[in-house]
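Since the structure comes first, as structure tokens, the remarks are kept for the end.
The values are calculated or read from the model by the stated rules, or taken from the named source; none is laboratory data. Fair warning: this is a prediction, and the values are worked out from it, not measured in the lab. Every residue, glycine among them, receives a Cβ derived from its backbone with ideal geometry; neighbour counts consider all protein chains shown. Surface areas here come from the heavy atoms of the whole protein model, side chains and all, with no ligands, DNA or RNA. Shrake-Rupley method; radii C 1.70, N 1.55, O 1.52, S 1.80 Å.
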Amino acid sequence: MTRRGWGMLIAALAIFLAARVFGIRELQMVSVAMLVAVLGALAQTWSGISKINVDRAIAPAVVSFGEQAIVTLTVNNLSGRPTTPLELLDAVPDGFASPDPVRLGVIRAYRSAVVTYELDGTRRGKATIGPLQVRTADPFGIVMRTKSFAMTGTVTVLPPVVPLPAGLVLESATTGSRGGSHRVERDGREFAGIREYVDGDDLRTVHWASTAHRGKLIVRRSEAPHAPTALVLLDVRADRQAGSGPTASIESVVAAGASVAYHLAVRGRAVAVVDRPMVRPPQPAPWDVLIGRLAEVQPADVDLEATMRQVAQGMTGNGTFIAVVTTPDARELRQLIRSARGFATRAVMVVDPPSHDDRGGSRQADSAVAALRVAGIRSTVVRRGDQLDQRWTEIVASTAGAQPSGARMSGVQLPGVQSSGVRPPTSQPSSASSRRAR
């Protein structure tokens, strides 16, 4: 019953009592007519949608960022009587479609009607469409009935992918090795070179000849069979993100990770994306699988430092390493530098969370980038509204010791990080590093 319907019932009762008190038969007839109108509206709305069903189709079910999907609703009237005019309201997440219902006229007996509406792919992720509500009302607005259909559908919006300019040397695991020829070790893994010892390494892998020559612990670096030749590390820690909706920092992290993964994949690299501690070495995946996984990435409570320690121990290969992280603190920065040390090509994109919630950019992000460059790692800062291709151009052009463009570094030092204590790699690949990815 609508507000108008309840008003008519109360009015009918009042008129009936007045007719009985004053003995006016005409008023009694008016009250009866009003009651019949309410009962007729109830009967009409009940029969109008009692025997209908609805089918939903979404095409395409997976859309690129910024594109549209079409939802088709097919309403079938299974009754021998026509329906009343209908309103269809699908439950859709905010930002995907207009919240207004779709209106549909009368459907004749045993006939069907088709209506469509558009879903805007402007929010990354997997969205659930439904359940559906079908509403109808009598012509006088006395009674409204709603029938719910529990069926749901899904649409996946892929993250935005920005084509990145070429120019960065992309070394593979073999070209990036610095330890001579490869050989197969007793555990079946391929010897890929040597690197500095990091906490947690097996002491049985110490390369004593190199240790004696360099005066510091050096371990053998082994490559697992089918190891990725390119690793993309993402920082999805929930407590480090800022902002909300499409402009949140997690969206910048995912968009940058997707763009980098695409850049590596189309250049023939076997790409693996890691965002949490691993129980086994990651396996590279085709691009269409990677982009599907990235579409569903959400902030989570994960241990990024544990992940970086696994990377530093050689669990993910030694070719190309690209990290997309939020602004690291001093301890995380040191661990990040250790993680990248064993790779032939390494770069870091530092996403600045404060710039994603209207607090403005932080100097700490600029300081982190400066420390990374001192360590010989190409890096840049990504803030809200930045063009990823421009930030990638800065990575390609960056050199050790250079400061990020627009950096405010006057007297600013990341707490706990001494630039003099960070040493760039002692050697670089020679002939292999001259080959640039096409």
Check your understanding: Restricting the stretch 59-95 to residues that are touching an Asp or Glu at 6+ places or on another chain (Cβ under 9 Å) and at pLDDT below 90, which is farthest from THR154 (Cα to Cα)?
Key -> THR84
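Does GLY376 count as closer than 17 Å to GLY243 by Cα and open to solvent by 10 Å² or more (accessible area, probe 1.4 Å)?
Numbers: closer than 17 Å to GLY243 by Cα: no; open to solvent by 10 Å² or more (accessible area, probe 1.4 Å): yes.
When the stated conditions are applied, GLY376 does not pass them.
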Point to revise | Residue satisfying condition, being within 30 Å of ARG391 (Cα to Cα), aliphatic (A, V, I, L, M) and surrounded by fewer than 16 Cβ atoms within 10 Å (Cβ to Cβ), within set ALA166, ALA57 | key: ALA166
**Study point:** Test: ASP94 is among the charged types (D, E, K, R) and in a loop (DSSP other than H, G, I, E, B)
**Key:** yes
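Residues checked against (1) within 19 Å of SER148 (Cβ to Cβ); (2) open to solvent by 30 Å² or more (accessible area, probe 1.4 Å); (3) part of a loop (DSSP other than H, G, I, E, B):
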residue	(1), (2), (3)
LEU73	yes, no, no
GLU87	yes, yes, no
SER98	no, yes, yes
ARG108	no, yes, yes
Exercise for review: Check LEU35 against each of (1) among the aliphatic types (A, V, I, L, M); (2) touching a helix residue (DSSP H, G or I) at 6+ places or on another chain (Cβ under 7 Å); (3) at pLDDT 90 or above and name the one condition it does not meet.
Suggested key: (3)
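Taking VAL62 as the residue in question, decide whether it is closer than 30 Å to THR247 by Cα, within 41 Å of the chain's Cα centre (by Cα) and surrounded by 13 or more Cβ atoms within 10 Å (Cβ to Cβ).
Numbers: closer than 30 Å to THR247 by Cα: yes; within 41 Å of the chain's Cα centre (by Cα): yes; surrounded by 13 or more Cβ atoms within 10 Å (Cβ to Cβ): yes.
Considered against the rule, which asks whether it is closer than 30 Å to THR247 by Cα, within 41 Å of the chain's Cα centre (by Cα) and surrounded by 13 or more Cβ atoms within 10 Å (Cβ to Cβ), VAL62 comes out as yes.
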**Study point:** Search result, residues across the stretch 129-157 that are outside any strand (DSSP E or B) and open to solvent by 50 Å² or more (accessible area, probe 1.4 Å)
**Key:** PRO131, PRO139, PHE140, ALA150, MET151, THR152
